Amino acid sequence: MKFRPGTVPPRAHISTVATMESHMSVVQKPVRLAIALSACLLVSTAQADPIPGPQRQLVNSTLWQQHAPEYALISRATFAAATAALKSALASRGSAAIEQPDGGAGKPPAVIVDLDETMLDNSPYQAWLARRGVEFSEPTWDAWIALKQARALPGAIEFANAAVKSGKVTLFYVSNRECKDAAHCPNRSNTMENMAALGFPGATDPSRFLFKVPGDPRGDKVTRRKQIAEKHRIVMLVGDDMRDILPQEDVKALADPGSAIGRRAGDEIGKRWFILPNAMYGGWLSGLGKTADAQFANLRAAPLPAADAPVLASWNLAWLLTPATYDELLPACRKTGQIRSNERAIPCTPGRDPIPQRQAADFDALATVAGRLHADVVALQEVDGPAAAAMVFRQGWKVDCFVSRAHVQKVGFAIREGIPYQCNPEFAALDVDGASRAGADLTLYPGTPQAVRLLGVHLKSGCVDGSLKTSTSEPCKSLRRQVPVVEQWVDARAAEGGRFAVLGDFNRALDQDAKYSAGPDEAAPASVFRALSDGKPAGAVLRRATERSCFDGDPHDGPPIDNILVSQSLAEGRTLDAAHLRYDKALAEGRILSDHCPILLRLQ
């Protein structure tokens, strides 16, 4: 295998979730941007373009806010409940704000509301991001504010007017829209004009609008709530994000309903705290990943039996070691000779490419690829066990069933969380010469009619094509010894009548190999594929999906050697839909990925 770092084609893209409440600044020329944004907003309503890859996660959430009657009803119901609770909130003792522990007794009452997705609907801006396939940016956000086209959320104006009429209540609009200059703030003046036109009370009074200013922690409203608490008793808080009500550290503690803050939330919600839904952006996305693919990995899937065949994948990760292991083994690296299965060493053969030394950014790039790998299980090759695999397959995955050889090139699996599985004894017989790789054996959905047995392999390298019968090279001799061993596994599974697959790096161009017949001698076959798929016993018939080039305009060295072979019982009545997750050139620029790309197989 020849390793070539950082050689990748343009394919996948990284998208970033818009987080408006945490990204605010003033643009120097908002008028020009506002005009351009306004034109784009008008055009976007008439187009029916394909969904761009970046920001595609915004589509459903934005459509829900703009079109779902349920959203409008929830908004009206929330504000109606807040309006009904005003009288009791005014009569209650103490403060609704954590930042006012003294209760604010004797001070005039105040209600604090957030603006974006609480009072004002910014979904047209989110729709613009989704339409254009671009990330949130401060200049475009400020340009949207300058348009002064935000509408009021259903019930917001009625609640605001009811609050100020309920008894000397001062209504404060606390927002993370940003003022770079407290004396001259276009975002504040544009917001006030927008809200005055809509009929919000106090919209002409700048003192009612507390925007983010330089020096404020990004997204933190604690200091502004404290500022209000100096002269007012805070009787109610309304927002779309718990950070509109609590400090960030207390928001995290809400995960435990039995905690002090969890109990406080249970007492206050629906009485003095009111939250509107916002599926488009917000603090709730923290830790779930910035891209749709990373977020996909955080889905909590039910452990249901497979309704159909699982999505299978295989990926050779090209000497994947943790940095600590690399540093440990490098000083005593092997300059000559083959490293055997029971030896813990890495090669450094003079005149040959060194094995990759990956840094954190390389693992992050590989993890991004793994996040896009929409498979149920991935057979892994050239991975030094679970610790190395976990640096790529992070949230949403389990890495398990690795073979036990000391050699750093191991075979194992990554399994999507929520899918039942069991690790079977490793297929040690595949190590025919003490220097080859054993097979990893796994069962998905064990003990159910949907059970699928999988054998992950990484066969002997150096015998890519040609008849095994006539080749006299040592690698071909070793591969010829491995084939009957794999065939025994296949025949045993076929005799059981179950569903199974063999997947991994065969180090063999099976599309060419399949042209040869197996030959009469099962102990010395001429073809890998024909020997495995010979119909003896009945059911030992395999269908093949083969890797293609990983690189647009830069073909992978040599013919494709990664394959997924599925049993007739697994493929029966289904169409094999093979795919290859090619690397994104921008993602791989300067990064060390692998000279193999993942191969996927869906059985439709």
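Here are a few things to note about the model shown:
- Inter-probe distance in nm under a simple model that places probes 7 Å from Cα toward Cβ, at Arg352 and Arg56: 4.0 nm
- Estimated Rh, the stretch 424-486: Kirkwood, alpha-carbon pairs, angstrom: 13.0 Å
- Square roots of 5 times each gyration tensor eigenvalue, C-alpha, the chain, largest first, Å: 60, 24, 23
- Per residue, the solvent-accessible area of the chain (1.4 Å probe, heavy atoms of protein chains only, all protein chains present) comes to 42 Å².
- Nearest-ten-degree value, helix 58-67 long axis tilted from longest Cα axis of the chain: 40 degrees
- Once divided by 2.2 N^0.38 Å, the Cα radius of gyration of the stretch 327-449 becomes 1.17.
- The charge dipole of the stretch 377-427, taken about its Cα centre with unit charges on the Cβ of Lys, Arg, Asp and Glu (plus for the first two, minus for the last two), comes to roughly 80 debye.
- Taking N as the residue count of the stretch 223-306, its C-alpha radius of gyration divided by 2.2 N^0.38 Å amounts to 1.38.
- With the simple model of a label 7 Å out from the Cα in the direction of the Cβ, His374 to His67 spans 1.9 nm.
- Distance from the C-alpha centroid of the stretch 331-358 to that of the stretch 223-240: 64 Å, rounded to the whole angstrom.
- When the P(r) of the stretch 76-133 is calculated, the portion above 16 Å amounts to 62% of the C-alpha pairs.
- Förster radius 41 Å - calculated FRET efficiency between Lys271 and Phe296 (Cβ-Cβ, nearest 0.05): 0.65
- For the chain, the longest principal axis of the alpha carbon atoms and the long axis of helix 69-91 meet at an angle near 50°.
- Around Ser517: net Lys/Arg minus Asp/Glu count, Cβ-Cβ under 15 Å: 0
- Panel note: the C-alpha atoms of the stretch 386-540, placed on their principal axes, show extents of 47, 35, 25 Å (largest first).
- Value of relative contact order over the stretch 232-292, rounded to a whole percent, pairs C-alpha under 8 Å and six or more apart: 41 percent
- Label point distance in nm, Ala105-Glu230, each placed 7 Å from Cα along Cα→Cβ: 2.3 nm
- Cα gyration tensor of the stretch 125-196 - equivalent ellipsoid semi-axes, whole Å, descending: 27, 17, 9
- When the inverse distances between all different Cα atoms of the stretch 257-342 are averaged and flipped, the Kirkwood radius reads 19.9 angstrom.
- Dividing the mean sequence gap of close Cα pairs (under 8 Å, 6+ apart) by how many residues the chain holds gives a relative contact order of 15 percent.
- Cβ-based charge dipole, the stretch 128-204, positive-most Cα from Ser137, Ser189, Ala162: Ala162
- Dimensions of the stretch 472-594 along the principal axes, based on C-alpha atoms and rounded to the nearest Å, stand at 49, 41, 22, largest first.
- A Förster radius of 30 Å combined with the Cβ-Cβ distance from Lys536 to Thr575 puts the calculated FRET efficiency at roughly 0.70.
- What you get for the stretch 410-512, charging only the Cβ of Lys and Arg (+1) and of Asp and Glu (-1), is a dipole of about 80 debye around the Cα centre.
- Axis of helix 138-147 versus longest Cα principal axis of the chain: the two differ by about 40°, to the nearest ten degrees.
The values are calculated or read from the model by the stated rules, or taken from the named source; none is laboratory data. Computed from a predicted model, the values in this text were never measured in an experiment. Glycine gets a Cβ as well: all are built from the backbone with ideal geometry, and neighbour counts include every protein chain shown. For the accessible areas, the whole protein counts, side chains as well, though only heavy atoms, and no ligand, DNA or RNA atoms are used. Shrake-Rupley method; radii C 1.70, N 1.55, O 1.52, S 1.80 Å.
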